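Engineer: A single structure is presented below for examination.
Nothing in this text is a laboratory measurement; each read-out follows from the coordinates by a stated rule. If you're wondering where the values come from, they're calculated on a predicted model, not measured in any experiment. Because the Cβ atoms are built from the backbone with ideal geometry, glycine has one as well, and the counts that use them run over all protein chains shown.
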């Protein structure tokens, strides 16, 4: 009776939820169903048909070894003491992502990357390559012609021009799925929704939104990431149920106050919730300039002396006027940026100011250096 009632109410409830206007984010944009994910596949294969740009087998002996093994399986035996020097073959690694619920017979894209010293994979064809998962089982077979976006040209004098990478390429729909990955979606007694960004407040709001739409007790937060949701046992009803849940609107909690500094590029990102307590900041630079000149002392024509070269160095140190500005308690991001820009601080100076504010206990934010 419950399943029949749910199947009748489901379409009407879905229409009502989708037609509602809200400025918040959908649950499907901030969370995912536990177990519904892609799986990585990898394989080793050979690319043939290259125009002399393949592996130099002297430096890549595994290429000729793989070629001999493949030909032996096809009934062609090459003596062990014979090593063909083929430059139209390249050893490659093949990898792909197997989507959730992928069924046998469906196709997925694959990426092919050179493993040896091949100059280019342009114009090559990947031979049948098994793609395996971490458990060692084969889940797809890859084969097809490569699409290489890069281009390279080399002159007789050794000069070379390369546009993008020519040592890797892709094969759209280049692998056929051979096995289905088991998923707990159909068999689990309950569904677990995992947030993309852990947050206790957001987890509580997601559970509240589900309970408000589908009834009290339908969802309960487990921790800062997971929300347990009671779902129908029937598979068709469960799919419709998840469709409704993932389209519910939720207002996520604001992110923690953080200041992120990229020490390599000097990029600084300050979150909107960053606050600064009362502090006085003095900012000034010491500029040292060193200039080198050369003086030449040359004696007269009949003086009998020697020409002498003497350096003339000049070192000047200038101390810029230190600028002090006052930061009031609880100032906003806009006020902080305006105050720092007012003293003409460069990104490197701003990093030093933020670090000093944190050490003084005046920066109400987490300073992260990447």
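Engineer: Scan segment 215-234 residue by residue and report those that are without any contact (Cβ under 8 Å) to a residue 40 or more places away in the chain and either closer than 15 Å to residue 31 by Cβ or surrounded by 15 or more Cβ atoms within 10 Å (Cβ to Cβ) (or both). Lay out the reasoning, then the answer.
Structural biologist: Kept after step one, since they are without any contact (Cβ under 8 Å) to a residue 40 or more places away in the chain, are these residues of segment 215-234: 215-225, 228-229.
Matches in segment 215-234: 218, 219, 220, 221, 222, 223, 224, 225, 228, 229.
Engineer: Restricting to segment 72-109, give me the number of residues that are touching a residue at least 12 places away in the same chain (Cβ under 8 Å) and not in a loop (DSSP other than H, G, I, E, B). Step through it out loud before you land on a result.
Structural biologist: Within segment 72-109, the first condition is being touching a residue at least 12 places away in the same chain (Cβ under 8 Å), and the residues that meet it are 83-109.
Retained after the next criterion (residues that are not in a loop (DSSP other than H, G, I, E, B)): 89-98, 107-109.
Matching residues across segment 72-109 total 13.
Engineer: While we're on this one: What pairs come out if I take residues in segment 247-266 that are free of Cβ contacts under 8 Å to residues at least 60 places away in the same chain and pair them with residues that are part of a loop (DSSP other than H, G, I, E, B) and loosely packed, with under 15 Cβ neighbours inside 10 Å whose C-beta lies under 9 Å away, six or more apart or interchain?
Structural biologist: Qualifying pairs under 9 Å: 254/272; 254/273; 255/197; 255/272; 255/273; 264/370.
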